[in-house]
1. So what's the convex hull volume per residue for the Cα atoms of the range 218-298, in Å³?
2. Quick check: Cα centre of the range 40-56 to Cα centre of the range 129-163, how many Å?
3. Distance between the C-alpha centers of the range 276-298 and the range 1-28? Whole Å please.
4. Take the Cα of Asp216, step 7 Å along the line toward its Cβ, and report every residue of the range 137-175 whose backbone nitrogen sits under 17 Å from that point.
5. For Val126, which sequence-distant residues (separation of 5 or more, or a different chain) have an amide H within less than 5 Å of its own amide H, given hydrogens modelled in the peptide plane?
6. Which helices, taking whole DSSP H runs in the chain, have alpha carbons extending 24 angstrom or more along the helix axis plus mean Kyte-Doolittle at least -0.5?
7. Scan around Ser23 for amide H atoms under 5 Å from its own, H built in the peptide plane at 1.01 Å from N, and keep only partners 5 or more places away or cross-chain.
8. Give me the distance in nm between label points sitting 7 Å out from Cα along the Cα-to-Cβ direction at Asp181 and Arg198, one decimal.
Amino acid sequence: MLNVHPEVAATLRAGGPVVALESTIVSHGLPRPDNLRIAREIEDAVRAEGAIPATIALVDGDVRIGLDDEALEAIALRDGVVKCSTRDLAIAAARGATGATTVAATAHLAAQAGIELFATGGLGGVHREASTTWDESADLVGLARTPITVVCAGVKSILDVAATLERLETLGIAVVGFGTDRFPGFYLRDSGHAVPWRVDSVHELVGVLRARARLDLEDSALVVANPIEEELDRELHDRVLADALAAATVAGIYGRDVTPFLLSRFHEATGGESRDANVRLVLANARLAARIAVAAAG
Ligand code: PSU
Ligand code: MN
């Protein structure tokens, strides 16, 4: 069922380092046509650290683990690429659709292919009005049942971060801050909340991975929260966030369209500054995930 790119398959067979990458950030999270170049840069960042990238997506109904250039271009530039969470995968595949996978769907497919490391931008989580809208990303329950280590810059700051942290706890998803005591806020280094555990080196993290295996605690994900180095201007961030949330309400956006809508409002309203921050943090996460994968394989 999985079409694994030969380079990825060979590396996995040899026990070598592979890093899974999601595709929704490419199709729905970043504006065209820069998204294609950025997708390549994310893959290059993984390679530069000595690991093999496996961007995951559905291309004409085919689940691909590792994309060639043509497939990457289809995801980045084609019209009508569907945003697929786990529940959408089988339906989209049966229809021969081309779809980009979210964190939940990517993690599921990566784990099935035997990939242990995954890098993304920010996880989905509990939305701010969730007490009335019930809008909680399927990323959370998805990660609760998927054996994978995901490197991210926390959860997107458009979310209710405190509620998301509570849900991560309830769902039994381990969270460590990488070189920080603070849970990162995607565009910002500090979401205003503490992180339950801090890890200061790749070596220490590999120790955690080994302990997870020994204790048979690999049913759910481990979240490695890696703060952005150079954050977005906070005042700009808070102003734009308020505008974007209001615009989403006025436009009556719901379901899978909420997150792409808010992100693209952000990119427009910050004159591209949030997009640049998004790119910086994804690249940093790809590099860190690759370093962990290399250390864990060695
Ligand atoms: N991180 C980014 N940009 C994105 C996303 C994450 O930097 O576009 C995507 C991921 O694919 C994540 C999804 O799984 O947003 C969450 O969407 P939702 O809130 O609808 O579950
Ligand atoms: Mn949602």
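1. Roughly 116 Å³ of hull volume per residue.
2. Between the Cα centres of the range 40-56 and the range 129-163 lies a distance of 25 Å.
3. Result: 15 Å between the Cα centres.
4. 147
5. Here the answer is Ser137, Asp160, Thr164, since their amide H atoms fall under 5 Å of that of Val126.
6. On the way: long enough: 234-251 (25 Å, 0.40); 273-297 (36 Å, 0.48).
Span-like helices here: 234-251, 273-297.
7. So Ser23 has HN proximity to Ile56, Thr101.
8. Going from the Asp181 label point to the Arg198 one covers 0.5 nm.
The values are calculated or read from the model by the stated rules, or taken from the named source; none is laboratory data. Small disclaimer: the values here were computed from a predicted structure and weren't measured. Neighbour counts run over all protein chains shown; Cβ positions are idealised from the backbone, glycine included. Protein only, heavy atoms only, side chains kept; ligands, DNA and RNA dropped before computing areas. Shrake-Rupley method; radii C 1.70, N 1.55, O 1.52, S 1.80 Å.
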